[in-house]
Amino acid sequence: MKVSVGTKNPVKMRAVKNIFAQVYDKVDVLMTNVESAVPAQPIGHEVITGARHRGERAFALLKDADFGVGIESGLFDFCGVLLDVQICRSLMAASILLEPPLDSATQR
């Protein structure tokens, strides 16, 4: 499984690797340097836009990637209080079949 992450931040890269390793046996996570197209300190919807741009650009940059992931940090105003949030956007190649299948103990 090859995952292209739109960041040069090793903490974000490790987070993506940890999550994918819980689902797939072999995961190759590659950092790609992409722009988010939002200000250095995104606020509100800019955080979502930044994650989307990073994920899409990372996916497009690595042609044989199975997934593209973008993570953007920023601020949201909630009732006058600024919250520091992380937004993650992932894209999946059309040819991917998610494995492993759910077993009867985990199906609902």
Checked against the positive end of the charge dipole of region 2-92 (+1 on Cβ of Lys and Arg, -1 on Cβ of Asp and Glu, about the Cα centre), the farthest of 37, 75, 18 is 18
Please list 3J(HN,Hα) in residue order for region 41-52, calculated via the Karplus relation 6.51 cos²θ - 1.76 cosθ + 1.60 where θ = phi - 60°; whole Hz, with x for glycine and proline.
10, x, 10, x, 4, 4, 5, 5, 4, x, 5, 4
Mind checking which lysines have their C-alpha under 19 Å from residue 26, skipping anything on the same chain fewer than 8 residues away?
2, 12, 17, 63
Starting with the fewest neighbours, write out 78, 20 ranked by other beta-carbon atoms found within 10 Å of each beta-carbon.
78, 20
In whole angstrom, and with the biggest value first, how far do the Cα coordinates of region 2-92 range along each principal axis?
44, 25, 20
Give me 53, 45 ranked fewest to most by other Cβ atoms within 10 Å of their Cβ, as a rough exposure proxy.
45, 53
Just to confirm the filter: which GluC sites (Glu not before Pro) across region 1-104 are DSSP coil and have at most 16 other Cβ within 10 angstrom of their Cβ?
35
Using a Gaussian network model of the chain whose springs link C-alpha atoms within less than 10 Å, name the residue from 80, 50, 70 with the highest mean-square fluctuation.
80
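Pulled fully out, how much extra length does the chain show between residue 81 and residue 43, if you take 0.36 nm times their separation in residues and subtract their Cα-Cα distance?
12.4 nm is the gain from fully extending residue 81 to residue 43.
Cβ under 10 Å from residue 72's Cβ, residue 72 left aside: what net charge do those residues give with Lys, Arg +1 and Asp, Glu -1?
+3
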Cα-based helix-to-principal-axis angle, 10-21 vs the chain, degrees rounded to 10:
30 degrees
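Laboratory data are not the source of any read-out in this text; all were calculated from the coordinates shown. As the structure is a computational prediction, the values presented were derived from the model and not from experiment. Neighbour counts are summed over all protein chains in view; Cβ atoms, including those assigned to glycine, are modelled from backbone coordinates with ideal geometry.
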